[in-house]
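All remarks here apply to the structure that follows.
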Amino acid sequence: SEQEPEGFREQVSALFVEWWRICELPGTNDVSCSRYVLQLQQNGFLKGDDVSDRFFRILIEISVSHCVSSEGIMSGSALSTQQSQPISFFAIDIYAKLVSSILQYCVAEQGSSKLFLLSKVLAVTVRCIHKDADDKKTLFNPRPYFRLFINWLRDLCPPELVLDGGNFQILTAFANAFHALQPLKIPSFSFAWLDLVSHRTFMPKLLTGSSQKGWPYVQRFLVDLFQFLEPFLRNAEFGEPIQLMYKGTLRVLLVLLHDFPEFLCDYHFTFCDVIPPSCIQMRNIILSAFPRNMRLPDPSTPNLKIDLLPEISQSPRVLSEVDAALKSKQMKSEIDEYLKARPQGTSFVTELKQRLLLPPNEAARAGTKYNVPLMNSLVLCVGMQAIQQLQAKGPPHAQAMSNPWAYHVDAALDIFQTLIGNLDTEGRYLFLNAIANQLRYPNNHTHYFSFILLHLFTDSDQEIIQEQITRVLLERLISNRPHPWGLLITFLELIKNTRYNFWNRSFIRCAPEIEKLFGSVSRSIG
Amino acid sequence: DLGTIGDNLSGLSSGGVHDHMFNLQMLEAAYTKLPQPKDSERSRSYIPKHPAATPASYPQAQAPILNNPAFWERYGVDNIGTDTLFFAFYFQQNTYQQYLAAKELKKQSWRYHRKYNTWFQRHEEPKVATDEYEQGTYVYFDFHIADDNPQSGWCQRIKHEFTFEYNYLE
Amino acid sequence: LGTDLTTLGLNLNSAENLHKTFGGPWSEEPIRGDTDFSVPQCYS
């Protein structure tokens, strides 16, 4: 709606045609490009002010409309829904080249540094995409913008780019632009967005290198993605577009699992907050990640002594802010207080269930009565403090951990036992999920929560609780691979150790197919 | 903003967010306009910078077989020769041919150094090898300009005491 | 029960990193040679 000065658009259009001629000439070289850029700078188009914004906005509009109008003209054959029409990116490519040339030749003066101008161009581009998507709705075409970003990533973040300060800021400028284009804000850009944020010229650069300063940006992309998918995946019935989005997400997670497992390890808590409990395999991919320098002992090794594994007493690195949800509900200090002093006669523990519930209006949208991130945060915070107390307390950690209730931290067990006794079926399922989400590669969280789960199994006198514990473990094991190491060793312990008297539980024969399933399980473990 | 997320409603409560049905509608529309593989590929055509005029009887376009991986794998070092692989790598930039030549060179124990943009091959087992680098005597591929120009050309040189840092290994 | 993840076109047992030839979330196979080898200016 901004008023363009009379003739401004025509002027910019003429400049673009002139640039096109320079690109087309066979003898194009750096001299002609830099001369053209200098001319733009002298004419005041590159100050990074409103004139610049208008200049870049009009160039994007010209390039995109040229690109979109070429679609269909170039295609005769009817295409399948998933296949897109042929399209000409010619105008987009030369616009992208113009911006790359401007950033390359623009002399840093009046503060128009490369990074400053790039941020301005990206901000204009993001606004154009938002406006185009809002105006066109289902007719919006994301492909020109996808191509534009790919060109810029290639030119401005080439493979040999050494990621020092300035260059890294170029990457984060793109990361912030992509975050502003996330699916929840522009759903019609979702497929292009996921392709961009996981692109081989982009995502690996944020994850490679010892500094890990790019990790929070990739974590944010995955949270953006899972938050968009969550309402669709929660009910596990979806059409082709969501299926494709889901499959694409699996591919990205598999690349991360294979090439950057430590990233998935360190942020597992955040991702478990936003992945719906029904996406068992997707969550298993994240929970199966383990550090590349670690060798996992085969869980079915006879007489495997878990508590003698060197890694089992080491704390895993958790980069997520585990206690953020507790703090946002002003529960953190009460938890700390209770775990430290375990005051008698307090109603704190019995009131926990109530505080884990969502207000009715939010429950409808969240599809559950419970605040899942708050539940996850409570379970892991209590467990982490209990582990600290165990380690601080007494004899060699291994001995203490082999039988936590020998030195048990009453307060933590109090909380877990009260919750599992007070919560309803849904709440218990989410609570047990929060525990099972810590069963990963050998570390002291896996160790502690494995014993807590088994302890709750024996300690409980209600068969429904034993059945739910079994169900939470089993539904994670019957899904296609991968399966987290900690999950496997916990289930094997449950079904092999006579202390749990597993095979005499009536619920393993509650239906013919369940009986058959356990029959095959018992045969498979001999 | 980069910390953990709040409760699982934060995504739905932040500004500019649409309702579920709208999201589904937009996604279905986007499903027919997926980015295609070629949308993210650079134009693969190789444009010689200084094309030499050749008689019309000569092939004017590159033989398609040059883009066939089998050609490079089967004829490998016995028939094509290392210099030809280097020629394809350095003078057919941004083409599939360059990639295939690089793959063949790697198979023949050449390693590309991203800082020097040059191929190296161990002349003998490295004297030192750590997780970060290896050090020893290497052959490397180079181009030397002789005084009397016509003698310029490809050559391979020996480099003693060279440290190949792995973070420069492509 | 999830998907057989080995059918998504990624070689999960590869000794090499997957991200270099990752064709993208919609691609059923790794990309063909796309590595941008930059060569010394004198060759251009």
Legend entry - Reach of B:Lys33 by Cα under 18 Å, taken over aspartates and glutamates that are not fewer than 8 positions away in the same chain: A:Glu71, A:Asp132, A:Asp134, A:Asp135, A:Asp195, A:Glu240, B:Glu41, C:Glu28
Legend entry - Neighbour cut-off at most 16 other Cβ (10 Å), DSSP loop, GluC sites (Glu not before Pro), segment B:76-167: B:Glu124, B:Glu132
Inset, instruction - Determine the shape class of segment B:103-170: with a ≥ b ≥ c the square roots of the Cα gyration tensor eigenvalues, call it rounded for a/c under 1.5, and otherwise prolate if a/b is greater than b/c, oblate otherwise. - result: prolate
Inset, instruction - Could you list A:Cys381, B:Cys155, A:Cys23 in order of exposure, starting from the residue whose Cβ has the fewest other Cβ atoms within 10 Å? - result: B:Cys155, A:Cys23, A:Cys381
Legend entry - Relative contact order (%) - criterion: Cα under 8 Å, at least six apart; region: chain A: 10 percent
Inset, instruction - Using a cut-off of 14 Å between beta-carbons, work out the net charge of the residues near A:Ile420 (Lys and Arg +1, Asp and Glu -1, A:Ile420 not included). - result: -4
Inset, instruction - First check a/c for segment A:6-45, with a ≥ b ≥ c the square roots of the eigenvalues of its C-alpha gyration tensor; if it is under 1.5, answer rounded, and if not, answer prolate when a/b is larger than b/c or oblate otherwise. - result: oblate
Inset, instruction - Please give the helix A:114-136 orientation as an angle from the longest Cα principal axis of chain A, in degrees from 0 to 90, rounded to the nearest 10. - result: 80 degrees
Inset, instruction - Go ahead and estimate [θ] at 222 nm for chain A from helices alone: -39,500 (n - 2.57) per DSSP H run with n ≥ 4, summed, over the residue count, rounded to 500. - result: -20000 deg cm²/dmol
Legend entry - Positive-end residue of A:Ser333, A:Leu163, A:Asn284, charge dipole of the protein assembly as shown with Cβ unit charges: A:Asn284
Legend entry - Restraint check, A:Lys205/B:Lys103; A:Lys213/B:Lys106; B:Lys115/C:Lys20; B:Lys107/C:Lys20; A:Lys114/C:Lys20, Cα-Cα greater than 20 Å: A:Lys205/B:Lys103; A:Lys213/B:Lys106; A:Lys114/C:Lys20
Inset, instruction - Could you tell me which chymotrypsin sites (Phe, Trp or Tyr not before Pro) in segment B:113-170 are loop residues by DSSP with no more than 15 other beta carbons within 10 angstrom of their beta carbon? - result: B:Tyr116
Legend entry - Gyration tensor verdict on segment A:336-495 (Cα atoms; rounded if a/c is under 1.5, prolate if a/b is larger than b/c, oblate otherwise): oblate
Inset, instruction - With 10 Å bins from zero, work out the P(r) of the protein assembly as shown over every alpha carbon pair and list the percent per bin. - result: 2, 12, 20, 22, 18, 13, 8, 4, 1, 0, 0
Inset, instruction - Find out how many positive minus negative residues lie around A:Ile280, taking Lys and Arg as positive, Asp and Glu as negative, among other residues whose Cβ is under 9 Å from that of A:Ile280. - result: +1
Legend entry - Principal-axis tilt of helix A:240-259 within chain A, Cα atoms, nearest 10 degrees: 80 degrees
Legend entry - Distribution of pairwise C-alpha distances over segment A:285-348, 10 Å bins, in %: 14, 29, 24, 26, 7
Legend entry - Whichever lysines have a C-alpha closer than 28 Å to that of A:Lys329, once near sequence neighbours (fewer than 8 apart) are set aside: A:Lys185, A:Lys340, A:Lys353, A:Lys369
Inset, instruction - Please arrange B:Thr118, A:Thr425, A:Thr346, A:Thr208 by counting, for each residue, the other beta carbons lying within 10 Å of its beta carbon, fewest first. - result: A:Thr425, A:Thr346, A:Thr208, B:Thr118
Inset, instruction - Pick out, in residue order, every one of the trypsin sites (Lys or Arg not before Pro) in segment B:99-146 that is DSSP loop and has at most 14 other C-beta atoms within 10 Å; say none if there are none. - result: B:Lys115, B:Lys127
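Every read-out reported here was derived from the displayed coordinates using simple, explicitly stated rules and does not represent laboratory data. All values derive from a computational prediction rather than experimental measurement. When we count neighbours, we look across all protein chains shown, and the Cβ atoms used for this are built from the backbone with ideal geometry, even at glycine.
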